[in-house]
Amino acid sequence: MFTKFNSKYRTIFVDPQMPRVEISEKVNVILSPSLYWVKKLSLPIKYLRDVKKILPSIFEDVLPEGNYNYSAYKSGEEFFVFAYEDKLILDTLAQKGINASNIANVYFAQSEFEELEGALKVNETQNMYLKDEILILVPNTFVNESKPLDADTVSLSGHTISLAQFGHIVDTKSLYKIAGVFIVLIVLLGVEWFVTAQKINEIEELKSALFEKEGAKSTMFENNAILKKQKAIYEKQTKLRDGVSLVLSAKLAKNETLKEVSLKNKSFVAEFSTLSPATTAAIEKDFKASGLSYKISKQNESWRVEVSL
């Protein structure tokens, strides 16, 4: 009934109840009907590519919970459509001693025995035969006579499928969601890069304006000297601002006064009179917390704080 297919690979029929085999070379694999779901359909659709778009919806009310891939081929005016779990098939192959790296091609038994006459013995308890053009498994007691199955005599079709070795880890919807997250992250990073680039340009423009104001020099050494000078001025102004802020924010009683504020050389001086111990302690605490370099002196009723700039 079958003509041996001229192939450089052996062909093995794989069923969950088959004994374990030791495979060290590449082989073609025909999957038992117990490893996939199949339907034969007459659809008002002309092209196979259009059928493949609706495969998930065809099986949505039939399949148990799982992560499925789908396949289809056209035979005459009808379509044979399939649903299968990569993980289930790969696990079965591994249990039977067939490593994924040794698989040349994978076929469904439906496509390879579509002209089967009578029944073929699949394992010790089951046979398979065609019923209404669908290949099914039945108990041995349902069949009066069956022939042994020799996969190497099967003339293989062109209806192969691909097994995704990692596809079962995350389902397709989750992959789309993850891809969406990555796209959003890429967009955000792109926006951040653009904003950062703009800020760098602004800094460069400010630096150029500063050099121009100060009289840009011809060497980097001279320009760095200008920057150092401006930095020193900025730090001095910052210390002065912080010192004045602390002095003006000091909480004084009615009889306590700020007599004088002055700027002398490289220091800022504030002089108070008739301060209570509690007030002087509070002011000194604020100066300690500020990190400013300062010193305190007292003469009669005067209390002075001097901040180094």
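The values are calculated or read from the model by the stated rules, or taken from the named source; none is laboratory data. Computed from a predicted structure; not experimentally measured. Every residue, glycine among them, receives a Cβ derived from its backbone with ideal geometry; neighbour counts consider all protein chains shown.
For the reader, a short list of remarks on this structure follows.
This table checks each residue for (1) surrounded by fewer than 19 Cβ atoms within 10 Å (Cβ to Cβ); (2) in contact (Cβ under 8 Å) with a residue 60 or more places away in the chain; (3) outside the structural domain of Phe113 (by TED's automatic domain parsing).
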site: Tyr36; (1), (2), (3): no, yes, no
site: Asn67; (1), (2), (3): yes, yes, no
site: Tyr70; (1), (2), (3): yes, no, no
site: Phe79; (1), (2), (3): no, no, no
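- Residue in the stretch 275-282 that is in contact (Cβ under 8 Å) with a residue 40 or more places away in the chain and either basic (Lys, Arg) or closer than 14 Å to Leu252 by Cβ (or both) present: no
- Single residue of Glu205, Glu222 found to be over 29 Å from Thr280 (Cα atoms), of a type in the set (D, E, K, R) and at pLDDT below 70: Glu222
- Thr141 of a type outside the set (D, E, K, R), more than 44 Å from the chain's Cα centre (by Cα) and farther than 23 Å from Ile12 by Cβ: yes
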